[in-house]
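Participant: First the structure, which I've put down as structure tokens, then a few questions once you've had a look.
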Amino acid sequence: MTIKKKLFVLLGILVLATAQYYLASKFAIRHETVSWLDASRNREVVVALAVRRDVEMKAIAGIQKLPVAIVSHGNTVRNTEYSFIANVLAARGYLVASIQHDLPSDVPLMTKPGSLYVGRLGVYERGLKNIFFALGNLKKLMPDADYDHLTLVGHSNGGDISMFFAQQHPEMVRRVVTLDNLRVPFVTSGAARILSFRSNDPRFKTDPGVLPDDQTAKEAGIDIVPTDFQHTDMSDRGPDEVKEKIQSTLDQFLSKEEASNLAPVVPRKPVIDPRAMGP
């Protein structure tokens, strides 16, 4: 990068830092939707991006690297319907990539009792391919980011994709945040910090063996947060009070994680009293 370009970028950072609060809150986060064709699968992969403009400029200037968060949607929910999560992450300086995993041409999600992960293994494997394909293209589009220590966030089936990725590629995952994933057993090695919101919804039951017992969760540094939320309310479609409580708890979780950045993994106390998570 030329000296002139670096000075221009730094000037932009200064302008953004001194902007009025209203303008900063309205325009600080840049949103963009990109679409790539995975020729090997003849499959379109659409990704909604969110990044804070001043942090992006610092990354371009070589001052810092952007942490990366991958958001995976639930079944029948669009990738764009988790803005309440994407905005929290982007506000904290993350490059957020919300991937559209399902296409209209895909076979509807089915369950097969007795099969591995209730017959959804192929869906999780497809999700992994989508994530890796998106990461490969993001590295070209935005090279000034840390693609080696991912934060994975997912709702329902997207939470299962996130947990499955963490199982298969633990060396790439620093955090996993799930919103009521039901099928894939939690990673309990302690390699990744985990925060999981659990619904109180009789229509959506967690499969046996998915959640660790209390002692295992404590030793692995896993925060499981029981709530009175409905399963389908954990997206932009849900009530504001549900989204606000998830945002607040997620923000606390990230604050504690960032305060101990690169620290060894040790057992931790829950980040929030579950009794505070009523409707």
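Readers should treat all values here as calculations from the given coordinates under stated rules, not as data from a laboratory. This one's a predicted model, so the numbers in the text were calculated from it and none came from an experiment. Glycine gets a Cβ as well: all are built from the backbone with ideal geometry, and neighbour counts include every protein chain shown.
Participant: Out of all DSSP beta bridges with both ends in the stretch 30-276, state the antiparallel percent to the nearest 5.
Facilitator: Here the antiparallel bridges make up roughly 30 percent for the stretch 30-276.
Participant: Let me ask something else. Once phi is turned into θ = phi - 60°, what whole-Hz ³J(HN,Hα) does the Karplus curve with 6.51, -1.76 and 1.60 give for every residue of the stretch 133-142, x standing for Gly and Pro?
Facilitator: 5, 5, 4, x, 6, 5, 4, 6, 6, 9
Participant: Looking at this model, which pairs from LYS218/LYS243; LYS139/LYS245; LYS112/LYS140; LYS140/LYS245; LYS205/LYS243 are more than 31 angstrom apart at the alpha-carbon?
Facilitator: LYS139/LYS245; LYS112/LYS140; LYS140/LYS245
Participant: Could you list which residues have their amide H under 5 Å from that of ASN75, counting only those 5 or more apart in sequence or on another chain, with H placed in the peptide plane?
Facilitator: Under 5 Å from the amide H of ASN75 lie the amide H atoms of ASN157, GLY158, each far enough along the sequence or on another chain.
Participant: Can you list residues whose amide H is under 5 Å from GLN64's amide H, if they're 5+ apart or on another chain and H is modeled 1.01 Å from N?
Facilitator: Amide H to amide H, under 5 Å and 5 or more residues apart or across chains, GLN64 pairs with ALA59.
Participant: To make sure I understand, if each residue's beta carbon is the centre and we count other beta carbons within 10 Å, what order do PHE165, PHE204, PHE133, PHE186 fall in, fewest to most?
Facilitator: Ascending number of Cβ neighbours within 10 Å: PHE204, PHE133, PHE186, PHE165.
Participant: Shape verdict for the stretch 104-222, please, from the Cα gyration tensor: rounded (a/c under 1.5), prolate (a/b greater than b/c) or oblate.
Facilitator: It is oblate, given that a/c is not under 1.5 and a/b is not larger than b/c.
Participant: Work through the residues other than ARG175 whose Cβ is under 9 Å from its Cβ and net out their charges, Lys, Arg +1 and Asp, Glu -1.
Facilitator: +1
Participant: Which of ILE60, ILE161, ILE131 has the fewest other C-beta atoms within 10 Å, and how do the rest follow up to the most?
Facilitator: The order, fewest Cβ neighbours first, is ILE60, ILE131, ILE161.
Participant: For the stretch 95-103, take each phi angle, set θ = phi - 60°, evaluate the Karplus expression 6.51 cos²θ - 1.76 cosθ + 1.60, and give the result in whole Hz per residue in order, putting x for glycine and proline.
Facilitator: 7, 9, 10, 9, 9, 7, 8, 9, 10
Participant: Checking the a/c ratio against 1.5 first, then a/b against b/c, what shape does the Cα gyration tensor give for the stretch 30-276?
Facilitator: rounded
Participant: Please report the net charge: other residues with Cβ closer than 13 Å to the Cβ of LYS205, K and R +1, D and E -1.
Facilitator: Within the 13 Å Cβ shell, the charges total 0.
Participant: Can I ask one more? Work through the residues other than LYS65 whose Cβ is under 15 Å from its Cβ and net out their charges, Lys, Arg +1 and Asp, Glu -1.
Facilitator: Residues near LYS65 contribute -1 overall.
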